[in-house]
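Have a look at the structure below before the remarks.
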Amino acid sequence: MLRYYRIIWASLAMGWLPALSMARLPMRLILLRWRLCCWAICFSLLCAAESARAAGGLNDLLNQKDLTPEGLARVFANFVFELRPQLQEPETFLQRKSGDCADYSNLASTVLSHHGYTTKMVVVMMATQTHVVCYVKEAGGFLDYNHRGDAHPVIASNGSLEDIAGKVAGDFRSRWRMASAFRYRSGSPVYLDSVFAMAPSPARPPR
C-alpha cells in the first residue's frame, strides 16, 4: 500500500513543475489542467490500491486464523477463468484475479497445508479435457475451480483417485482416462501416483 501513496505524492509534486514553465498559456488554465490530470492519476492509483487490498495477498491467507477450505474457496468466487500456458505463482494469481484450475489448486494446497490440512493435488485426464483439483482429507472432498462460487464448494469424495476422477469427469460429461496425484516443483509437475481407467469389455456378439 505504501508504494501507491508514494507514487501519488510524486505525481502531485511533478505535476506543478512543467506547468510553471509553460508561459504561452494563461497560468490559471495551465494549473487547472495539471490539477485535473494529477487528481485523475491519484484516483486511478487509489482504486488499484483498494482493489489489491480487498483481494488480499498470499501472506494474508497464510496468516488468517481459522481459515477453512470453504472459506478459502469463497475468496475466489469472483475470479475470472483464464487458461494459462504455465503455472502462476500464488501471489500473481491473487493480484491478477484470473487463472485456471492448476493455479487455484496449487494455491489451495499451499495455503491449506500451511493451516494443517492434508491436501493432495489430482490431475484428471479425459478425452478432450485435463482438469486439476485439490483434495482435502479433513474436509472429506476436493476443491474445484469450476465450483468456487457454489454454496457448498467442497465436492464430497473418499479421496481415491478413481472416485475423484469419476466425479470430475462426470462434471464434464466425459470419461476419464488417467488420474494422477502430483505436486509442483519449480513450476513443473512431479507425479506421485497414477491410475488408469479400465477399458470397457467388448460386447459379445449375439448367438
If I stretch the segment between Ser174 and Ser160 completely, what's the gain in nm (0.36 nm per residue apart, minus their alpha carbon distance), one decimal? 3.2 nm
For the range 59-196, state what percent of all Cα-Cα pairs lands in each successive 10 Å bin, counting from 0 Å until the bin that includes the largest distance. 12, 47, 36, 5, 0
Which lysines does Lys65 reach when only Cα atoms under 26 Å apart count, and residues fewer than 8 places away in its own chain are ignored? Lys97, Lys120, Lys137
Could you tell me the relative contact order of the range 59-196? Use alpha-carbon pairs under 8 Å, at least six residues apart, and round to a whole percent. 21 percent
Taking the mean number of other Cβ atoms within 10 Å as a proxy for protection, how do you rank 98-104, 112-118 from highest to lowest? 98-104, 112-118
Subtracting the Cα-Cα distance of Glu70 and Arg84 from 0.36 nm times their residue separation yields 2.6 nm
Euclidean distance of C-alpha centroids, the range 90-109 and the range 144-192, integer Å: 16 Å
How large is ³J(HN,Hα) for each residue in the range 69-81, as worked out from phi by the Karplus curve 6.51 cos²θ - 1.76 cosθ + 1.60 (θ = phi - 60°), to whole Hz, x for Gly and Pro? x, 5, x, 5, 4, 5, 4, 9, 4, 9, 5, 9, 6
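Throughout, read-outs are computed from the coordinates displayed, never taken from laboratory work. Note that this is a predicted model, so its numbers are computed, not measured. Quick reminder, even Gly has a Cβ in these numbers, built from the backbone with ideal geometry, and neighbours come from all protein chains shown.
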